[in-house]
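Q: Here it is, the structure, as structure tokens.
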């Protein structure tokens, strides 16, 4: 097998995995872990069930992959929270990015929310390890800004919780927001207005 053929096969596998991931995210969001099945995911992906089994073997493995993927996307969004940055700009960018992810990855957010509501029966170990350490690291950055008198002395932990709650609301309660918006999806302009409003509201609480 030449390098070109090998590269094509690798790209095909990556594309298939991504296709399965996207379908699984939607199915787990709509049916939960218990209600989801490889058959439903295969139908959603437009692939044979055997493809799902080949790449992921078990439903739990695929589910954990979906949960970890959305967490990693959120973690990358928080890379802007670094001590050398201006805190108002960094926090504002984080709020806007989290809202954009609520817009573009609502199913992933719902999968995460459903898992937490059920007291994390599948990924509790992930919460106690990855999530705890990541949260502590972000808290340390915010507390550094406070110590440097760059923002008001607020609870760093509750500031993070407030950002998560307000931004993820637009994904987890998408149907409610649509209903209150005359049964219409938010327009591009409404999303931009939402980003600006939440940025102003949340940052007002930490501004010196």
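Read-outs throughout are calculated quantities, based only on the coordinates presented, and are distinct from any laboratory measurement. Keep in mind the model is a prediction, meaning the values are calculated, not measured. For neighbour counting, all protein chains shown are included, and Cβ atoms are generated from backbone atoms with ideal geometry for every residue, glycine included.
Q: Tilt of helix 132-147 relative to the longest C-alpha principal axis of the chain, in degrees (0 to 90, nearest 10)?
A: Helix 132-147 sits roughly 20 degrees off the main axis of the chain.
Q: Continuing with this model, one more query. Does the stretch 90-189 come out rounded, prolate or oblate, given a ≥ b ≥ c as the square roots of the eigenvalues of its C-alpha gyration tensor, rounded meaning a/c under 1.5 and, failing that, prolate meaning a/b above b/c? Before the final figure, lay out the partial values.
A: Values: a/c = 2.71, a/b = 1.32, b/c = 2.05.
Verdict is oblate for the stretch 90-189.
Q: Taking other Cβ within 10 Å of each residue's Cβ, how do 76, 115 sort, fewest first?
A: Details: 76 11, 115 23.
Least to most surrounded, the residues fall as 76, 115.
Q: Nearest 500 deg cm²/dmol is fine: what mean residue ellipticity at 222 nm does the chain get from its DSSP H runs of n ≥ 4 alone, each adding -39,500 (n - 2.57), divided by its residue count?
A: Mean residue ellipticity, 222 nm, calculated: -24500 deg cm²/dmol.
Q: What is the stretch 1-103's relative contact order, in percent, from Cα pairs under 8 angstrom and six or more apart in sequence? It would help to have the intermediate numbers written out before the result.
A: On the way: 56 pairs, mean separation 18.8, N = 103.
Worked out over the stretch 1-103, it gives 18 percent.
Q: Mind running the shape call on the stretch 70-114? Use the C-alpha gyration tensor, a ≥ b ≥ c as the square roots of the eigenvalues: rounded below 1.5 for a/c, prolate if a/b tops b/c, oblate otherwise. Intermediate results must be reported in sequence, preceding the final value.
A: On the way: a/c = 3.38, a/b = 2.18, b/c = 1.55.
In terms of gyration-tensor shape, prolate.
Q: Rg(Cα) of the chain divided by 2.2 N^0.38 Å?
A: Details: Rg = 19.5 Å, N = 208, 2.2 N^0.38 = 16.7 Å.
Dividing the Cα radius of gyration by 2.2 N^0.38 Å gives 1.17.
Q: Pairs of Cα atoms under 8 Å, at least six residues apart: use those to get the relative contact order of the stretch 1-57, whole percent. Numbers along the way, then the final one.
A: Working: 31 pairs, mean separation 16.1, N = 57.
This gives 28 percent for the stretch 1-57.
Q: Once all Cα-Cα distances of the stretch 48-128 are split into 5 Å bins that start at 0, what whole-number percent is in each one?
A: The percentages, shortest bin first, are 3, 13, 19, 18, 17, 14, 8, 4, 3, 1, 0.
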